Amino acid sequence: MMIVGRIFGWLLIAAALAAAGRELASWFETGAYRTVAAGELWYDLDPASLNLVQAVVQRYLLPELWDPVIATALLAPAWALLSIPGLALAVLFRRRRRHRW
């Protein structure tokens, strides 16, 4: 279980670095810095899954959860939304050294 959490954390960190790299590439192309929102990145990768998640949350889970909570999170920069849980998982599931007494 520890290795799965650690791998998932590092995958999220790698995705955050890729999202930051996308922002930097766009900056070098256009000359103007613009953050890439998490929802925009998700829509670019797979728009059908974003629409499916929205429909499931609004119809079957809790409609009030989508608009103030999830929609706000999807407006955050993609690198931040990916790096925070990635770093938390990487630290939480890190290898711990055993001390010999």
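For segment 26-40, the set of residues classified as open to solvent by less than 30 Å² (accessible area, probe 1.4 Å) and among the hydrophobic types (A, V, I, L, M, F, W, C) consists of Val36, Ala37, Ala38, listed by residue number.
Assess whether Glu23 counts as being among the charged types (D, E, K, R), more than 17 Å from Ile84 (Cα to Cα) and surrounded by 15 or more Cβ atoms within 10 Å (Cβ to Cβ). Taking the combined requirement at face value, the residue satisfies it.
Annotation: of all residues in segment 57-101 being touching a Gly at 6+ places or on another chain (Cβ under 8 Å) and part of a loop (DSSP other than H, G, I, E, B), the one that is surrounded by the most Cβ atoms within 10 Å (Cβ to Cβ) is Phe93.
The set of residues in segment 21-56 that are touching a residue at least 12 places away in the same chain (Cβ under 8 Å) and not in a helix (DSSP H, G or I) comprises Thr35, Val36, Ala37. Within this structure, Val53 fails the test of being open to solvent by 60 Å² or more (accessible area, probe 1.4 Å), out of contact with any Ser or Thr (no Cβ under 9 Å at 6 or more places or on another chain) and not charged (D, E, K, R). Screening Val36, Val57, Val69, Val53 for residues that are touching an Asp or Glu at 6+ places or on another chain (Cβ under 6 Å) and among the aliphatic types (A, V, I, L, M) leaves exactly one candidate, Val36.
Do you know which of the residues in segment 1-20 that are of a type outside the set (Lys, Arg) and farther than 13 Å from Ser83 by Cα is modelled with the lowest pLDDT? It comes out as Met1.
The values are calculated or read from the model by the stated rules, or taken from the named source; none is laboratory data. Fair warning: this is a prediction, and the values are worked out from it, not measured in the lab. Cβ atoms come from the backbone with ideal geometry, glycine included; neighbour counts cover every protein chain shown. For the accessible areas, the whole protein counts, side chains as well, though only heavy atoms, and no ligand, DNA or RNA atoms are used. Shrake-Rupley method; radii C 1.70, N 1.55, O 1.52, S 1.80 Å.
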